[in-house]
Amino acid sequence: MSKKWNIASFRAAKGVRKLGCTTAYDAAFARLADEAGVPCLLVGDSMGMTMLGYDTTLPVKMEETLSATAAVARAAKDALVIADMPFGSYQCGDDLAMKNAVDCLKAGADGVKLEGGARVCGLIKRMTEAGIPVLAHVGMTPQSVNEYGGFKVQGKTREAADAIFADALAVEKAGAFAVTLECVPSDLAAQITAAVKIPTIGIGAGPVCDAQWLVMHDLLGLNEGHVPAFVKKYANLAEEAKSAFRRYVEEVEKGEFPQK
């Protein structure tokens, strides 16, 4: 019997069941992940790198997020669908941010994700008070890649770790229903997971988090470029797809396809 995930059931899983979550950007893969029992699908701004050919997430536009969110939401019957608000969609004033978040929910998302800790807490509070569930994101925040000088582990010094810890507490207090911890030391992730009452979702943050993210293209072996060291490839679909394309081209050239 299927179980439709919602914000309340996702929160209630903390300490009871660890959740393997992934990204989705279209209806086809969203349906497959949903039918396989993935509890939460993030329409990530990682689409900039996995789907749109950019080097970072920064160029992703709001209209691209809304289009992908609508496609995923139409296909996912049971999974929680979270829209990742792209760079510029919430940094240019709270009123515009509220409109963009509302548009994400109207497109079919169950909630939105914002990067940043204390600096976005006012916005998190305003959104949650307006009935917009927010998934927070602290640690290495990809939209700040230019500030970091690349995708690098954060929180390696005591001062930096304390700041991330404080950010996690702050977003919980502001009303976030969960918090992503990206590329932080596993001992820091464990401390945060123990300290907050909301689920932590790790990506490159060790095994102690309440849930995990893996980008769909990484776990399916569709990404043939650089992948982070923590990634586990569960399939090699890139090679299978190329093999199928090659066979198709060869059969057409030889006159073997189509047959009468």
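Scanning region 34-46 for residues that are among the aliphatic types (A, V, I, L, M) and surrounded by fewer than 24 Cβ atoms within 10 Å (Cβ to Cβ) gives Ala36, Val38.
Conditions tested, residue by residue: (1) out of contact with any His (no Cβ under 9 Å at 6 or more places or on another chain); (2) of a type in the set (Lys, Arg); (3) closer than 21 Å to Asn223 by Cβ.
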{"site": "Val81", "(1), (2), (3)": "yes, no, no"}
{"site": "Cys104", "(1), (2), (3)": "yes, no, no"}
{"site": "Lys113", "(1), (2), (3)": "no, yes, yes"}
{"site": "Val153", "(1), (2), (3)": "yes, no, yes"}
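Going by the conditions given, is Pro142 surrounded by 15 or more Cβ atoms within 10 Å (Cβ to Cβ) and under 14 Å from the mean Cα position of the chain (by Cα)? Judged against the criteria, Pro142 is a match. Every listed requirement among (1) surrounded by fewer than 21 Cβ atoms within 10 Å (Cβ to Cβ); (2) part of a helix (DSSP H, G or I); (3) β-branched (Val, Ile, Thr) is met by Ile124 save one, (1).
Quick check: is even one residue across region 117-130 closer than 17 Å to Cys21 by Cβ and either touching a helix residue (DSSP H, G or I) at 6+ places or on another chain (Cβ under 9 Å) or among the aromatic types (Phe, Trp, Tyr) (or both)? Checking region 117-130: not a single residue is closer than 17 Å to Cys21 by Cβ and either touching a helix residue (DSSP H, G or I) at 6+ places or on another chain (Cβ under 9 Å) or among the aromatic types (Phe, Trp, Tyr) (or both).
If the condition is being in a helix (DSSP H, G or I), touching a Phe, Trp or Tyr at 6+ places or on another chain (Cβ under 7 Å) and at pLDDT 95 or above, then region 128-154 contributes no residue at all.
For the residues Leu66, Leu52, Leu42, the requirement of being without any contact (Cβ under 8 Å) to a residue 24 or more places away in the chain and of a type outside the set (D, E, K, R) singles out Leu52.
Of all residues in region 90-121, those being in a helix (DSSP H, G or I) and either of a type in the set (A, V, I, L, M) or more than 22 Å from Leu41 (Cβ to Cβ) (or both) number 13. Do we have Gly131 as without any contact (Cβ under 8 Å) to a residue 12 or more places away in the chain, on the phi > 0 side of the Ramachandran plot and either surrounded by fewer than 20 Cβ atoms within 10 Å (Cβ to Cβ) or among the hydroxyl-bearing types (Ser, Thr, Tyr) (or both) here? Here the answer is yes, as Gly131 does meet what is asked. Only strands (runs of 3 or more DSSP E) whose full extent lies in region 1-86 are considered here, and the ones with at least 1 residues that are of a type outside the set (S, T, N, Q), under 23 Å from Glu115 (Cβ atoms) and touching a Lys or Arg at 6+ places or on another chain (Cβ under 6 Å) are 80-84. The C-beta contact set for region 220-239 (first residue farther than 21 Å from Ala36 by Cβ, second residue of a type outside the set (Asp, Glu), distance under 7 angstrom, 6+ apart or interchain) comprises Glu224/Ala238; Pro228/Gly204; Phe230/Gly204.
The values are calculated or read from the model by the stated rules, or taken from the named source; none is laboratory data. Please read these numbers as outputs of a predicted model, since none were measured by experiment. Ideal geometry is used to build each Cβ from the backbone, glycine not excepted, and the neighbour counts take in all protein chains shown.
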